Amino acid sequence: MRIRPALLIALLPWAIAGQDLTHPRNTLPAVATTKLSTSLKQASTHPRHVWRDTASINPDDTVNAYVEIAQGDRRKWEFDMGANALAIDRTIAEDVGGYPINYGFVPQTVSYDGDPFDALVLGPAIAGGTLVRGVIVGLMLMEDEKGLDSKVVLSRTNRNGRAIHTLTPEIQRTVADYFNRDKQNEPNAFGSVPGWGSVADGLTWVTTTHKFFQECRERAGAPCQVKLSLP
């Protein structure tokens, strides 16, 4: 039986009416600390690993993002920790369509599901497997069947270090619509985009998920708390 998205939202421990979703939680769940430990073990076979060894934030305050899926691609590529390379997870249904924005992750981070923290990169299609750097232009708030799944939004910069692309209301509507329905053909799965956060919110999420990566690697199987640096 397929569980209705509304019921799934009601069952989520963090989906509480009136709760501020712009700020990350300071506790990484046990399931995520376990996955973090597993990912680090898988990465240990590589002397140089994209996720483990690439900085999340650069000295010039730009954020690194590893692109998994190019804008327009219907193939759901995911980073294989053990292979240190991309692998196809599935193909998105035609009625859902290709990704409306470049999709990937911020290195040296771990989010609440145990995966790296997601990044959305504005602009034309960027080939999967490309490492880019950009400035934060916002945060897409999101929940799914696993809990909090928000994503930082980045833009590449010009020579002056300014964002080339703007997170316009039109782009917000297009991207939110996609992630609200991209799991519509998956049983017992859903995505919900309740709103958007600021540049400062995006930075807080990046720094928090980086702290999880740094401080929670020895806590496999147990929740791990870090101190937040809120704007």
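The values are calculated or read from the model by the stated rules, or taken from the named source; none is laboratory data. On a predicted model such as this, the values are computed, not experimentally measured, just so you know. Every residue, glycine as well, gets a Cβ built from its backbone with ideal geometry; the counts of neighbours run over all protein chains shown.
Output the residues belonging to the stretch 128-146 that are outside any loop (DSSP other than H, G, I, E, B), farther than 23 Å from Asp60 by Cα and either among the charged types (D, E, K, R) or in contact with an Asp or Glu (Cβ under 7 Å, 6 or more places away or on another chain) (or both). Met142, Glu143, Asp144, listed by residue number.
Would you point out which residue out of Gly202, Gly161, Gly197 is among the small types (Gly, Ala, Ser) and surrounded by fewer than 13 Cβ atoms within 10 Å (Cβ to Cβ)? Sole residue among the options that is among the small types (Gly, Ala, Ser) and surrounded by fewer than 13 Cβ atoms within 10 Å (Cβ to Cβ): Gly161.
Here Ala55 fulfils each of the conditions (1) surrounded by 13 or more Cβ atoms within 10 Å (Cβ to Cβ); (2) under 23 Å from Pro124 (Cα atoms); (3) touching a residue at least 40 places away in the same chain (Cβ under 8 Å); (4) out of contact with any helix residue (DSSP H, G or I) (no Cβ under 7 Å at 6 or more places or on another chain) apart from (2). On the stretch given as the stretch 91-104, residues that are in a strand (DSSP E or B) and buried (at least 22 other Cβ atoms within 10 Å of the Cβ) total 3. So for the stretch 222-230 (the condition being touching an Asp or Glu at 6+ places or on another chain (Cβ under 6 Å), surrounded by 18 or more Cβ atoms within 10 Å (Cβ to Cβ) and either basic (Lys, Arg) or part of a loop (DSSP other than H, G, I, E, B) (or both)), does at least one residue qualify? Looking for residues that are touching an Asp or Glu at 6+ places or on another chain (Cβ under 6 Å), surrounded by 18 or more Cβ atoms within 10 Å (Cβ to Cβ) and either basic (Lys, Arg) or part of a loop (DSSP other than H, G, I, E, B) (or both), one finds at least one in the stretch 222-230, hence yes. Checked against (1) modelled with pLDDT of 95 or more; (2) farther than 22 Å from Leu86 by Cα, Ala65 meets all criteria but (2). Just the residues that are touching a Gly at 6+ places or on another chain (Cβ under 9 Å), loosely packed, with under 14 Cβ neighbours inside 10 Å and on the phi < 0 side of the Ramachandran plot, please, taken from the stretch 69-88. Hit for the stretch 69-88 is Ala85, nothing else. The single condition among (1) within 22 Å of Ala32 (Cβ to Cβ); (2) assigned to a loop (DSSP other than H, G, I, E, B); (3) in contact (Cβ under 8 Å) with a residue 24 or more places away in the chain that Gly123 does not satisfy is (1).
Set side by side, the residues Lys146, Lys151 differ, and just one is in contact with a Leu (Cβ under 7 Å, 6 or more places away or on another chain) and not hydrophobic (A, V, I, L, M, F, W, C), which is Lys151.
Restricting attention to the stretch 85-112, and to residues there that are modelled with pLDDT under 95 and in contact with a strand residue (DSSP E or B) (Cβ under 8 Å, 6 or more places away or on another chain), which single residue is nearest to Thr38 (Cα to Cα)? It comes out as Asp89. Checking each residue in the stretch 29-45 for being farther than 17 Å from Pro107 by Cα and among the aliphatic types (A, V, I, L, M) picks out Ala30, Val31. Among the residues making up the stretch 105-120, those that are in a loop (DSSP other than H, G, I, E, B) and either in contact with a Cys (Cβ under 6 Å, 6 or more places away or on another chain) or over 12 Å from Trp51 (Cα atoms) (or both) are Ser111, Tyr112, Asp113, Gly114. Residues in the stretch 108-130 that are under 29 Å from Arg219 (Cα atoms) and surrounded by fewer than 24 Cβ atoms within 10 Å (Cβ to Cβ): Gln108, Tyr112, Asp113, Gly114, Asp115, Asp118. Figure legend. Inter-residue proximity from the stretch 141-154: first residues within 11 Å of Trp205 (Cα to Cα), second residues of a type in the set (S, T, N, Q), beta-carbon distance below 6 Å, spacing 6+ or different chains. Indicated pairs: Leu141/Ser150. Only residues that are surrounded by 16 or more Cβ atoms within 10 Å (Cβ to Cβ) and either within 30 Å of Gly97 (Cβ to Cβ) or not polar (S, T, N, Q) (or both) were counted across the stretch 205-221, and they come to 10.
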